[in-house]
Amino acid sequence: MIDLRSDTVTRPTPGMRAAMANAEVGDDQYGDDPSVNALQERVAALLGKEAALFVPSGTMANQVALKMLTRPGDDVLVGDEAHIVWHEAGASAANAGVQFTVIGQGGRFTAADVRARAKPRGHVVQPGTTLVCVESTHNRGGGFVFDPVEAVAIGQAARELGLGTYLDGARLFNAAVASGRSLAELAAPFDVVGVALSKGLGCPVGSLVAGPRALMPLAMQARRRYGGAMRQSGILAAAGLYALDHHYDLLAEDHANAALIAQAVAQTPAAIALDDVQSNIVIFHLPASLPNAATLVARAHAAGVWVQAFGPRTVRATTHLDLSAADCATAGRVLAAAVLAGA
């Protein structure tokens, strides 16, 4: 089975398993785990931030960031179909007590949008806006990289308005490779950044939240409240250190493989924005004249390719380090045939 449901379906490589087995460990709650400390320091440096905190998941990274930067009742500006809104089971309302205002279109927005939609704090009726959240790469947007130039403008606008800034960079490693920019450059406009190790880098567990050292006590408190405090978590951190050394450069192959799939689908009546296929995610839409997403997923699965229905007529395929170019060329042919079978 060629599994394209997500880049989270990978298995640790033999080298990663060996690194985990041989990891130096301690009690992370006492700050005594050398592997966790090394990972946190390394990721903070890569992102150009003062400090970072290791957490179990990307969702927890987002939720911890909200607790660092907002208070209950605050309004947060987000792009259309943001992961923090769509894919976290309402955690932002349940945990941080915030509400969202969606701005822009398709996950993209501008500094002008921020200025136009930010609500004043202290208003007797309106909830005050305190935070702007950008997602890059954008999951539901087809893996595009948020415009780095616009991100700088958004950061400047936010500072002028007294707003915090957060980058949901679960796939920021993909964004850096796709854009040819450093992680630090992409992270620079934002106060706090979240990155995932369990997606493109192929780790079994883990994300990090990075930002000012002064905010880390809030992050640690939130992580504990959410049940994310771990002990000998150096076993997991070692996977992250290994991935940074050995898997980061493989992301370009994932992007090239996604392009193979996208080009095959583009030869069918399915709707796909090829310009947005900038990383390892391929999203396409099925017009009413074609079978729905569930039908296409079933057809592809029967032919040995596993993709995900991302809506009634939307399908997502995600490449990763467990797949070869030949796998993805085959997957492209299977998906195209599944689409054309109902045309």
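What follows draws every value from the coordinates through simple rules; no lab data is involved. This is a predicted model, so every value here is computed, not measured. Heads up, the Cβs are rebuilt from the backbone with ideal geometry, glycines too, and the neighbour counts pull from every protein chain shown.
Within the stretch 170-224, report the trypsin sites (Lys or Arg not before Pro) that DSSP leaves as loop and that have at most 15 other Cβ atoms within 10 Å.
Filter output for the stretch 170-224: Arg181.
Quick check on packing: order 189-195, 64-70, 331-337 by the mean number of other C-beta atoms within 10 Å, highest mean leading. Walk me through the numbers on the way to the answer.
Values: 189-195: 27.1, 64-70: 25.0, 331-337: 21.3.
Taking the mean over residues of other Cβ atoms within 10 Å, the ranking is 189-195, 64-70, 331-337.
Quick check for me: using +1 on Lys/Arg Cβ and -1 on Asp/Glu Cβ, what's the dipole size of the stretch 14-246 about its Cα centre, in debye to the nearest 20? Show your work: numbers first, answer last.
Values: 20 positive and 21 negative charges, 69 e Å.
The dipole magnitude comes to about 320 debye.
So what's the net charge close to Ser92: Lys and Arg +1, Asp and Glu -1, counting the other residues with Cβ under 12 Å from its Cβ?
-3
All other residues with a Cβ under 11 Å from the Cβ of Leu215 taken together, and with Lys, Arg as +1 and Asp, Glu as -1, what is their net charge?
Taking every Cβ under 11 Å from that of Leu215, the sum is +1.
What percent does the relative contact order of the stretch 14-246 come to when contacts are Cα pairs within less than 8 Å and at least six residues apart?
31
Which one, Met16, Gln63, Ala252, is farthest towards the positive end of the dipole of the chain when Lys and Arg carry +1 and Asp and Glu -1 on their Cβ?
About the Cα centre, the residue reaching furthest to the positive side is Gln63.
Can you return the lysines within cross-link range of Lys49? Criterion is Cα-Cα under 22 Å, with same-chain partners fewer than 8 residues away left out.
Correct list for Lys49: Lys67, Lys199.
What is the pair-distance distribution P(r) of the stretch 175-242, computed from all Cα-Cα distances in 10 Å bins starting at 0, with each bin given as a whole percent?
The percentages, shortest bin first, are 17, 43, 35, 5.
So if I take the centroid of the Cα atoms in the stretch 37-84 and the same for the stretch 262-304, what is the distance between those two points in Å?
So the two Cα centres are separated by 32 Å.
Tabulate in residue order the Karplus-calculated ³J(HN,Hα) for the stretch 112-126, using 6.51 cos²θ - 1.76 cosθ + 1.60 with θ = phi - 60°, rounded to whole Hz; enter x for Gly and Pro.
These are the phi-based 3J(HN,Hα) values: 5, 4, 4, 4, 6, 10, 5, 9, x, 7, x, 6, 6, 10, 6 Hz.
Please list, ordered by chain and number, the residues whose modelled amide H lies under 5 Å from the amide H of Thr129; skip anything fewer than 5 residues away on the same chain.
Correct list: Asp75, Lys119, Arg121.
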